[in-house]
Amino acid sequence: MILPRLLVLTLLLGPLLAPRPALATEPAPAATRTILVLGDSLTFGYGLPDPATQAYPALLQQKLDALADPTAAAPAAARWRVVNAGVSGDTTSGGLRRVDWVSRQPIAILVLALGSNDGLRGLDPALVESNLAAIGERLAAKNPGLRVLLVGQRMPVSMGDYAARFDAVFPTLAATRGWAFAPFLLEGVGGVPEMNQADAIHPNEAGHVRMAETVWTALAPLVEPSGAPGGNR
């Protein structure tokens, strides 16, 4: 009879046709997490021959790619994608206006590197602090567990009392919010001729290498091998 024969075939072939369960020894596919670097011309890489490969966010990507070596002992470690959201001339107010547009994908870490143009324009330090805090809050609301790295900016001492009030915004805000903190983006770069382009304002290739090291020092602890960064405020 046909039915008994079908039943026998089903019993014989069933184990072969059933989906094979994943073995415990097979690594889970690596996740890809996004690091958004929100900044101005210093982040964009203004004046570099090839900002896409020479600006400090691209150099951070290289460091992260090295951590995700597929031949490493932990192939399930997270992969990271750095998004350079630097816009020349941008201020903290401009960053706040465009933050929703640049954060359409889930973000694991925000590197917040705005403020230098605010300072050069003499804008109120209280406004700078308010805008930076609002950027962090808005992105944290959209991305539970978001970690924030605030990158400090400083003004020339020739700007007197304003420089002191401006400079104090960044460490104070980072401490208040519990954010990671890199004290000064242009450490070892600002005012050093061999680190800057002819305009003496924008870093050259060597300057961006130094900036990448400065940011990486604060960023590296946020990049956990498990690929599951916890949040800060």
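So the values come out like this:
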{"read-out": "Residue count, the range 45-74 (criterion: modelled with pLDDT of 90 or more, closer than 18 Å to L149 by Cβ and of a type outside the set (D, E, K, R))", "value": "9"}
{"read-out": "Candidates A141, A134, A126, A164, filtered to the one that is out of contact with any Gly (no Cβ under 7 Å at 6 or more places or on another chain), closer than 17 Å to P183 by Cα and part of a helix (DSSP H, G or I)", "value": "A164"}
{"read-out": "Residues satisfying the stated conditions in the range 88-116, i.e. surrounded by fewer than 22 Cβ atoms within 10 Å (Cβ to Cβ), more than 14 Å from the chain's Cα centre (by Cα) and of a type in the set (S, T, Y)", "value": "S88, S93"}
{"read-out": "A180 vs. criteria at pLDDT 95 or above, of a type outside the set (S, T, N, Q) and under 16 Å from the mean Cα position of the chain (by Cα)", "value": "yes"}
{"read-out": "Qualifying positions in the range 90-123 - farther than 22 Å from A212 by Cβ and assigned to a loop (DSSP other than H, G, I, E, B)", "value": "T91, S103, R104, Q105, P106, R121, G122, L123"}
{"read-out": "Filter result for the condition that a residue is in contact with a helix residue (DSSP H, G or I) (Cβ under 6 Å, 6 or more places away or on another chain) and either hydroxyl-bearing (S, T, Y) or free of Cβ contacts under 8 Å to residues at least 40 places away in the same chain (or both), over T91, T172", "value": "T91"}
{"read-out": "Matching residues in the range 177-195 - criterion: being in a loop (DSSP other than H, G, I, E, B) and in contact with a strand residue (DSSP E or B) (Cβ under 7 Å, 6 or more places away or on another chain)", "value": "W179, L185, V189"}
{"read-out": "Single residue of L150, L123, L127 found to be without any contact (Cβ under 8 Å) to a residue 60 or more places away in the chain, among the hydrophobic types (A, V, I, L, M, F, W, C) and either under 26 Å from A55 (Cα atoms) or in contact with a Pro (Cβ under 7 Å, 6 or more places away or on another chain) (or both)", "value": "L150"}
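The values are calculated or read from the model by the stated rules, or taken from the named source; none is laboratory data. Small disclaimer: the values here were computed from a predicted structure and weren't measured. When we count neighbours, we look across all protein chains shown, and the Cβ atoms used for this are built from the backbone with ideal geometry, even at glycine.
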